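Engineer: Pasting a structure here, questions to come.
The values are calculated or read from the model by the stated rules, or taken from the named source; none is laboratory data. Remember, predicted model here, so these are calculated numbers, not experimental data. Using ideal geometry, Cβ is built from the backbone for each residue, glycine included, and neighbour counts are taken over all protein chains shown. Protein only, heavy atoms only, side chains kept; ligands, DNA and RNA dropped before computing areas. Shrake-Rupley method; radii C 1.70, N 1.55, O 1.52, S 1.80 Å.
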Amino acid sequence: MERKGLRGGAAAVVGLSATVALAATAVAGAAVLRFADGLRDYDTAAAGPFDHATARLQLVERPDGTTAVLHVRGIDASAAGRTFGAHVHNGACGTDAPAAALGHYNADAHAGHVPVVVSPQTEVWLDFTVDATGAGDSSTAVRFPVQAGAHSVVVHAAPTDPATGLAGARLACLPVEW
Ligand SMILES: [Cu+2]
């Protein structure tokens with residue numbers, strides 16, 4: 001029964017976009033999830049550095065936590081040297097629909113803890129700096145599972161403020177759904 005549900009979920013994700021690559025495997029107590037797609041543009045009326053970018057996210061989920069690795073490619077060279085905030089958000093990706101991604105995925109909020117602490121230990125922060133080839137990479141390790149559901153990786157205009165978790169305007173988004 002559980003197996004059937006997993007299969008149905010994977011089929012639903014593939015149905016959203018033919019270019020979404022999803023692999024779920026269980027190895028030594030770890031589930032590995034991989035996502036790759038073009039970034040959804042949050043402002044198709046204006047040119048931006050992520051208009052032709054693609055991204056890959058790998059999540060390795062273990063009983064004691066999650067490791068996330070993000071690779072962004074095809075960023076406009078004019079953005080070289082800049083650092084952009086990036087986080088896993090609760091909501092879904094949609095072209096020209098930045099609000100649909102909702103707020104950050106926060107382990108305290110999902111566990112019902114009060115107060116909800118905003119930090120790189122309670123959320124999945126993946127800020128990256130763009131190199132001369134238009135590539136940016138980042139990774140983080142957190143001590144909580146990222147639960148299945150409709151999520152996204154949102155790329156913001158500024159680095160993440162460690163005190164507030166804010167990172168400016170939402171520019172683009174990678175669908176991360178399983
Ligand atoms: Cu964000």
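Engineer: Starting from residues that are surrounded by 21 or more Cβ atoms within 10 Å (Cβ to Cβ) and in a loop (DSSP other than H, G, I, E, B), keep the ones in the range 78-107 and report whichever is farthest from the ligand (Cβ to nearest atom).
Structural biologist: CYS93
Engineer: Let me spell it out: the conditions are (1) within 16 Å of the ligand (Cβ to nearest atom); (2) part of a strand (DSSP E or B); (3) of a type outside the set (Lys, Arg), and LEU59 meets all of them except one. Which number is the exception?
Structural biologist: Every condition holds for LEU59 apart from (1).
Engineer: When the range 30-67 is examined, which residues are found to be within 30 Å of SER78 (Cβ to Cβ) and either open to solvent by 50 Å² or more (accessible area, probe 1.4 Å) or at pLDDT below 95 (or both)? Show your work before the answer.
Structural biologist: Step one: filter the range 30-67 for residues within 30 Å of SER78 (Cβ to Cβ), giving 34-58.
Those that are within 30 Å of SER78 (Cβ to Cβ) and either open to solvent by 50 Å² or more (accessible area, probe 1.4 Å) or at pLDDT below 95 (or both): ARG34, ARG40, ASP43, THR44, ALA45, ALA47, ASP51, HIS52, THR54, ARG56, GLN58.
Engineer: Still on this structure, please answer the following. Which one of the conditions (1) touching a Phe, Trp or Tyr at 6+ places or on another chain (Cβ under 9 Å); (2) more than 16 Å from the ligand (Cβ to nearest atom) does SER119 fail to meet, given that it meets all the rest?
Structural biologist: Condition not satisfied by SER119: (2).
Engineer: For the range 131-178, enumerate the residues that are away from the ligand (no atom under 16 Å from the Cβ) and open to solvent by 40 Å² or more (accessible area, probe 1.4 Å).
Structural biologist: ASP131, ALA132, THR133, ASP137, SER139, ALA141, ARG143, PRO145, GLN147, ALA148, TRP178
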